[in-house]
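S.K.: I am attaching a structure below and will ask some questions about it afterwards.
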Amino acid sequence: AQKITQTQPGMFVQEKEAVTLDCTYDTSDPSYGLFWYKQPSSGEMIFLIYQGSYDQQNATEGRYSLNFQKARKSANLVISASQLGDSAMYFCAMRERSGNTPLVFGKGTRLSVIA
Amino acid sequence: EPEVTQTPSHQVTQMGQEVILRCVPISNHLYFYWYRQILGQKVEFLVSFYNNEISEKSEIFDDQFSVERPDGSNFTLKIRSTKLEDSAMYFCASSETGLDDTGELFFGEGSRLTVL
């Protein structure tokens, strides 16, 4: 079964607009961490934002925020004021305290920012 | 800012040849990982390494793969006899904490392997 589900293979957004990238996860472990990574066309994995399962507040990092809804097991990434340089693949990932795999990735969402 | 470095950035090899991909993890990290990403697909876990031995490995990590930390700084992935389907981007990662924690993994920029 998929542990991380990203249902949007591709998204378009107008420059300067906000966009939400969806991520749902599946775990029975009460302790876990959720991550978003950006992968531009050059291929490297760039860490964006982290949310711990016990964190009371949604994580924010500059223009990135994570809409964490624990009961719904969703961890959507919100990018505000999109820039052309935001065009990339975005991966949601989860790390469980008791899991044997250190980090499990979703299939990714390709974001294209349009001028 | 400390970072994970990987070499080579791109390697082209003939099928059946041996390949070694090298990684220098962040110096105070104790846990090391290799991940693989076939073009256009998601990032997949291969192996984790701690205290000079493999702690976990996926079903992808079969007998043709091996890892070692030969000199206390480098962390290498060896593919003994490459196959066409080994063509992928290989990411090294390291972390301060291990499998029982939920902290961040720091990734290198990847090594792109092309098998002809």
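S.K.: Exactly which trypsin sites (Lys or Arg not before Pro) in the range A:1-62 are in a DSSP loop and have at most 12 other Cβ atoms within 10 Å?
M.R.: On the way: sites: A:Lys3, A:Lys16, A:Lys38; in loops: A:Lys3, A:Lys16.
Sites meeting the loop and neighbour criteria: A:Lys16.
S.K.: Given that compact globular proteins tend to follow 2.2 N^0.38 Å, what is the ratio of the alpha-carbon Rg of the range B:4-116 to that value? Provide the component values of the computation, followed by the final result.
M.R.: Numbers: Rg = 13.2 Å, N = 113, 2.2 N^0.38 = 13.3 Å.
Here the Cα radius of gyration is 0.99 times the empirical estimate.
S.K.: Dipole magnitude of chain B about its Cα centre, charges +1 at Lys/Arg Cβ and -1 at Asp/Glu Cβ only, in debye to the nearest 20?
M.R.: On the way: 9 positive and 18 negative charges, 99 e Å.
Dipole size: approximately 480 debye.
S.K.: How many nm is it between the label spots at A:Ser31 and A:Tyr64, if each spot is 7 Å from the Cα in line with the beta carbon?
M.R.: If labels sit at A:Ser31 and A:Tyr64, their model points lie 2.4 nm apart.
S.K.: Let me ask something else about it. Taking R0 as 25 Å, what's the FRET efficiency between B:Ile60 and A:Ala115 from their Cβ-Cβ distance, rounded to 0.05?
M.R.: Working: r = 40 Å, r/R0 = 1.60.
According to the calculation, E is roughly 0.05.
S.K.: While we're here: If you find the alpha carbon centre of the range B:40-110 and of the range A:31-69, how far apart are they in angstrom?
M.R.: Rounded to whole Å, the Cα centres lie 22 Å apart.
S.K.: I need the phi-derived Karplus couplings for the range B:37-43: 6.51 cos²θ - 1.76 cosθ + 1.60, θ = phi - 60°, integer Hz, Gly and Pro marked x.
M.R.: Using θ = phi - 60°, the values come out as 9, 5, 3, x, 10, 7, 7 Hz.
S.K.: Something else: Considering only DSSP states other than H, G, I, E and B, which trypsin sites (Lys or Arg not before Pro) in the range B:13-116 qualify as loop sites with at most 11 other Cβ atoms within 10 Å? Mind dumping the intermediate values first?
M.R.: Numbers: sites: B:Arg22, B:Arg36, B:Lys42, B:Lys57, B:Lys78, B:Arg80, B:Lys83, B:Arg112; in loops: B:Lys42, B:Arg80, B:Lys83.
Passing sites in the range B:13-116 are B:Lys83.
S.K.: Name the residue from A:Ala88, A:Gly62, B:Phe45 whose Cα lies farthest towards the positive end of the charge dipole of the protein assembly as shown, charges +1 on Cβ of Lys and Arg and -1 on Cβ of Asp and Glu.
M.R.: Positive-most Cα among the choices belongs to A:Ala88.
S.K.: Any of A:Lys73/B:Lys57; A:Lys3/B:Lys83; A:Lys3/B:Lys57; A:Lys38/B:Lys83; B:Lys57/B:Lys78; A:Lys73/A:Lys107 with alpha carbons more than 25 Å apart? Name them for me.
M.R.: On the way: A:Lys73/B:Lys57 27 Å; A:Lys3/B:Lys83 29 Å; A:Lys3/B:Lys57 18 Å; A:Lys38/B:Lys83 29 Å; B:Lys57/B:Lys78 14 Å; A:Lys73/A:Lys107 17 Å.
Long pairs (Cα-Cα over 25 Å): A:Lys73/B:Lys57; A:Lys3/B:Lys83; A:Lys38/B:Lys83.
S.K.: Moving on. Let me make sure I get this right: for the range B:21-61, a, b and c are the square roots of the gyration tensor eigenvalues over alpha carbons, sorted descending. Under 1.5 in a/c it's rounded, otherwise prolate if a/b > b/c, else oblate. Which is it?
M.R.: Working: a/c = 2.77, a/b = 1.55, b/c = 1.79.
Cα axes put the range B:21-61 in the oblate bin.
S.K.: What are the semi-axes of the equivalent ellipsoid of the protein assembly as shown, taken as the square roots of 5 times the eigenvalues of the Cα gyration tensor, listed largest first and rounded to whole Å? Walk me through the numbers on the way to the answer.
M.R.: Working: eigenvalues 174, 88, 48 Å².
So the three semi-axes of the protein assembly as shown are 29, 21, 16 Å.
Coordinate-derived values only; no laboratory data. Just so it is clear, the model here is predicted, and its values are computed rather than measured. Don't worry about glycine lacking a Cβ; one is built from the backbone with ideal geometry, like all the others, and counts go over all protein chains shown.
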